[in-house]
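Heads up, the thing below is written out as structure tokens.
None of the figures in this text is laboratory data; all of them are computed from the coordinates on show. Nothing here was measured: the structure is a model prediction, and the numbers come from that model. Because the Cβ atoms are built from the backbone with ideal geometry, glycine has one as well, and the counts that use them run over all protein chains shown.
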Amino acid sequence: MDDILRALGHLPLGSRLKRLGEQLQADTQYLLDELDPLLLSGQHPFLLALDRLGPLTVGDLAQALGVSQPGVTRTVARLVERGLVETGPGPDDQRQKIVALSAAGRELVEVAKAELWPRIDAAVAELCAGLDGPLLAQLTAIEDRLVAEPLHLRARRQESAR
């Protein structure tokens, strides 16, 4: 069947980017399941941001990730339930909520930084290597490459080649 989004050129660019992002997250989830199958790929950027930037308010975390504050609030609540982050009142304003990695969250991030995130980064770098030309042609190339070999299989191949 023809890919209608490809056929419509620039018009559905946002839909194509969203579809590609969802596919990359789904493929990445296979690898992340090795670390913690209950932790979703979309939650890892929150842990990464807190690791890099330290404790943040919900608003600052939303700004750092470029996502909505309600989305951050929901994800933080899930991460608190899992024991990976802790929240507390702000030092100057009790209405602010400060989010920080818990000890379990720091431990998980250290393992992810050492074992998983570099593998994912290398697989995405390989996926995007040599892309050139107009944006739509590059998107098509990435989509075709993912059909030929999904991201998680690229990462596993690279790992076994070492």
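Are any residues in region 1-39 over 16 Å from Glu115 (Cα atoms) and not in a helix (DSSP H, G or I), and if so, which ones?
To start, the set of residues in region 1-39 that are over 16 Å from Glu115 (Cα atoms) comprises 1-27, 38.
Across region 1-39, the qualifying residues are Met1, Asp2, Asp3, Leu8, Gly9, His10, Leu11, Pro12, Leu38.
When residues of region 21-45 are filtered for being surrounded by fewer than 15 Cβ atoms within 10 Å (Cβ to Cβ) and closer than 28 Å to Ala137 by Cβ, how many remain?
Residues that pass the stated criteria total 3.
For a quick check of your reading of the model, give me the residue pairs whose first member lies in region 108-122 and is on the phi > 0 side of the Ramachandran plot, whose second is among the hydrophobic types (A, V, I, L, M, F, W, C), with beta-carbon atoms closer than 7 Å and at least 6 apart or on different chains.
Once the first residue is on the phi > 0 side of the Ramachandran plot and sits in region 108-122, no partner that is among the hydrophobic types (A, V, I, L, M, F, W, C) comes close enough.
Of all residues in region 1-31, which are touching a residue at least 12 places away in the same chain (Cβ under 8 Å) and of a type in the set (Lys, Arg)?
Arg6, Arg16, Arg19
Identify all residues within region 60-104 that are of a type outside the set (Val, Ile, Thr), touching a strand residue (DSSP E or B) at 6+ places or on another chain (Cβ under 7 Å) and part of a helix (DSSP H, G or I); write none if there are none.
Within region 60-104, Leu61, Ala64, Leu79 meet the criteria.
Give the residue that is farthest from Leu116 (Cα to Cα), with candidates limited to residues of region 46-72 that are loosely packed, with under 15 Cβ neighbours inside 10 Å and touching a residue at least 12 places away in the same chain (Cβ under 8 Å).
Filtering region 46-72 for residues that are loosely packed, with under 15 Cβ neighbours inside 10 Å and touching a residue at least 12 places away in the same chain (Cβ under 8 Å), the one farthest from Leu116 (Cα to Cα) comes out as Gly59.
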